[in-house]
Amino acid sequence: MGGAEQERREAVMRVLSGEPPSKVASDLGRTDRWVRKWVARYDPADAAWAEERSRAPKTQAHRTEQETEELVLKIRQRLQDNPWAQVGAVAIAWEMEKLKVTPPTTRTIERILSRAGVPKRRARNRDRYVPKGTPYPGGPLVIKPNAVHEIDLVGPRHLQGALPFYALNAVDLGRRRAGVEIIQSKEEWQVAEGLVSLWRRLGVPGRAKFDNGQTFQGRGRHLALPVWTCLALGVKVRFIPFAEPWRNPVVEHFNDTFDKQFFRTERFSGLAHLKRRARAFERFHNSHHRYSILKGATPDEIEPTLRFVARLPDDDFELPTALPRRGLVEFVRLIRSDRTLKVLGSKFQTPQALVHRYVTATLHVRTQRLVIESRDHPWREELSFPLKL
């Protein structure tokens, strides 16, 4: 192996270990462009990747540079070999970002794959949710920016050394802009602080949708601190039905992307490194992921067209130390054959006519009363619901 080839291998290994290309270039007396060129050529499956190649001009100048095309196809094959990895254009672009290579647009990557005849991976058989015809109290089909956020807590996951962490993920349904906040535990105060951090970047929503985890919801007629935080910021809270995660489909899909495209594909030296990379992934998602509901645009592309100004938490906002005096909390529940409605550990009997129907129990915090009603049935009931403070 010649000295030049050894130098190329050293440069690439240092970049892959996390060193900035500019520093590697300075140490070796090379240009930043030279370092990026050899990072782009790196191929762990080809022992000769660092050897010099012909400098003959390309015959099809209108195409993407040959080296970029080769890297796209190599990454696609590596992802394809992993049955759990995502393999689309966005996943390929993210892998290029990790190699410190500026990726082409996702549409260009798709054209490269098409020209090379790369087949699409068949979707794995999954038990998909099939609507059963039961009317559900959902929202409008067209949602304004920051009208609704879907929020979920993923974890625990573990870093090397069995260090646990959780990912608090949120997606604004109107813009599809996503946020990721890494926290060390699911204690109520950490989740509440995570919400505030997310909303300093995404803006405060009109409504936040959660599942029924005790960290979010609370128990025994006691609302959890994350709910207090929502109410203090003027956010209406909605809890989806028990054991129906598909009622938050957008954030569930984002969770899958976070897992397969980010967490499973990298090694993190510690929590601080993970937080930095998660923030980078958040920015990448918002600038690269295209959504059909946005007519093929990314969140970054659509936002300037919306004439939208996000409402942010005040700079001096602090977590509440007492239950706010007003606000609304909704609990959507499917009434089963036992006719029982469960809210914060309390049980109520409902009429036989509501069996296999969804009801919404809305807690009015100021009056501490629970209003129960069904979208497709005239029955309505209002009950006293004193909360534990």
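Checking V148 against (1) more than 30 Å from M13 (Cα to Cα); (2) crowded, with 17+ Cβ neighbours inside 10 Å; (3) modelled with pLDDT under 85, which test does it fail?
Against the list (1) more than 30 Å from M13 (Cα to Cα); (2) crowded, with 17+ Cβ neighbours inside 10 Å; (3) modelled with pLDDT under 85, V148 comes up short only on (3).
What number of residues in the range 138-157 are touching a residue at least 40 places away in the same chain (Cβ under 8 Å) and part of a strand (DSSP E or B)?
8
Which one of A278, A272 is buried (at least 18 other Cβ atoms within 10 Å of the Cβ) and of a type in the set (G, A, S)? Can you show your working first?
Numbers: A272 fails: buried (at least 18 other Cβ atoms within 10 Å of the Cβ).
Among A278, A272, only A278 is buried (at least 18 other Cβ atoms within 10 Å of the Cβ) and of a type in the set (G, A, S).
Quick check: anything in the range 304-316 in a helix (DSSP H, G or I), farther than 30 Å from K347 by Cα and at pLDDT below 95? I'd like the intermediate steps shown before the answer.
To start, the set of residues in the range 304-316 that are in a helix (DSSP H, G or I) comprises 304-305.
Add one more test, that the residue is farther than 30 Å from K347 by Cα, and what stays is 304-305.
Now narrow it down to the ones that are at pLDDT below 95: 304-305.
There is at least one residue in the range 304-316 that is in a helix (DSSP H, G or I), farther than 30 Å from K347 by Cα and at pLDDT below 95.
Give the number of residues within the range 158-188 that are in contact (Cβ under 8 Å) with a residue 24 or more places away in the chain, in a strand (DSSP E or B) and more than 21 Å from P226 (Cα to Cα).
Summing the residues that are in contact (Cβ under 8 Å) with a residue 24 or more places away in the chain, in a strand (DSSP E or B) and more than 21 Å from P226 (Cα to Cα) in the range 158-188 gives 2.
May I ask you to verify whether E266 is exposed (fewer than 15 other Cβ atoms within 10 Å of the Cβ), farther than 30 Å from R336 by Cα and acidic (D, E)? Write out each step before concluding.
On the way: exposed (fewer than 15 other Cβ atoms within 10 Å of the Cβ): yes; farther than 30 Å from R336 by Cα: yes; acidic (D, E): yes.
It is true that E266 is exposed (fewer than 15 other Cβ atoms within 10 Å of the Cβ), farther than 30 Å from R336 by Cα and acidic (D, E).
Please go through (1) outside any helix (DSSP H, G or I); (2) surrounded by fewer than 21 Cβ atoms within 10 Å (Cβ to Cβ) for D256 and return the number of the only condition it doesn't satisfy.
Only one criterion in (1) outside any helix (DSSP H, G or I); (2) surrounded by fewer than 21 Cβ atoms within 10 Å (Cβ to Cβ) is unmet by D256, namely (1).
Take D300 and decide whether it is surrounded by fewer than 19 Cβ atoms within 10 Å (Cβ to Cβ), at pLDDT 90 or above and in the same structural domain as G213 (by TED's automatic domain parsing). Quick ask: steps written out before the conclusion?
Working: surrounded by fewer than 19 Cβ atoms within 10 Å (Cβ to Cβ): yes; at pLDDT 90 or above: yes; in the same structural domain as G213 (by TED's automatic domain parsing): yes.
When the stated conditions are applied, D300 passes them.
Just to be sure before I move on: is A192 assigned to a strand (DSSP E or B), among the small types (G, A, S) and not assigned by TED's automatic domain parsing to the domain that holds L363 in the structure I sent? Lay out the reasoning, then the answer.
Numbers: assigned to a strand (DSSP E or B): no; among the small types (G, A, S): yes; not assigned by TED's automatic domain parsing to the domain that holds L363: yes.
Taking the combined requirement at face value, the residue does not satisfy it.
For the range 193-203, how many residues meet the condition of being surrounded by fewer than 24 Cβ atoms within 10 Å (Cβ to Cβ) and touching a helix residue (DSSP H, G or I) at 6+ places or on another chain (Cβ under 9 Å)?
Total meeting the criteria: 3.
The values are calculated or read from the model by the stated rules, or taken from the named source; none is laboratory data. Since the structure is predicted, the reported quantities are computational estimates derived from the model, not experimental observations. Please note: Cβ atoms are built from the backbone with ideal geometry, for glycine as well, and neighbour counts cover all protein chains shown.
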